[in-house]
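Here's the structure, in structure tokens; my notes come after.
The values are calculated or read from the model by the stated rules, or taken from the named source; none is laboratory data. Keep in mind it's a predicted model, so treat the numbers as computed, not measured. Cβ: placed from backbone, ideal geometry, glycine included. Neighbour counts: every protein chain shown. For the accessible areas, the whole protein counts, side chains as well, though only heavy atoms, and no ligand, DNA or RNA atoms are used. Shrake-Rupley method; radii C 1.70, N 1.55, O 1.52, S 1.80 Å.
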Amino acid sequence: AAVRGLALRVRSADLQFESADAGASTTFPMQAGNIRKNGHIVIKNRPCKVVDVSTSKTGKHGHAKCHFVAIDIFTGKKLEDLQPSSHNAMVPHVKRTEYQLLDIDEEDGFVSLMTEDGDTKDDLKMPNDADLAKQITESFEAGNDVYVIVVSAMDEEAIQSMKQKE
């Protein structure tokens, strides 16, 4: 009976492991009280840039609370969250990468980019920001070397800005 009980425990441990969040490595925990303005935080499972943090002291036995106002780094939507400052909040790993623009497919809006090691990357669309898309297109059509800055976080990526090298 003791052996059977052990086998059951191992099986349930396996199940818990398999049901763990697959995207967990895209974030890391940080104490809410240590997250500052211009930092990053995950709110409603979206990677956000913090635009305002205010800390409120609560009653005699309560926790101090952090009120976060943040902008989703991909959609631009404003999100808010309230958390005890002593608790851990999730922070996304945000990576900025520069790629050289090789081509723009005007039919489907996808771009062809060159990575640092010379490979091509063809899975990104032009940015939703019409002004930025126009700036990229005009600069590229004028024959400039255009570089786009791609921000990636939580298995999502998008072109956020551009620069040209004459």
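Here are some notes:
- In the full protein context, the stretch 37-121 carries 62 Å² of accessible surface per residue, based on a 1.4 Å probe and ignoring ligands, DNA and RNA.
- With the simple spin-label model, which puts each label point 7 Å out from Cα in the Cβ direction, the THR55 to ASN88 separation comes to 2.0 nm.
- The stretch 57-166 - percent of accessible surface contributed by carbon and sulfur, probe 1.4 Å: 46
- Treating each Cα of the stretch 17-166 as an identical point scatterer and summing with the Debye formula, the log10 of I(q)/I(0) at q = 0.12, 0.17, 0.21 Å⁻¹ comes to -0.62, -0.96, -1.20.
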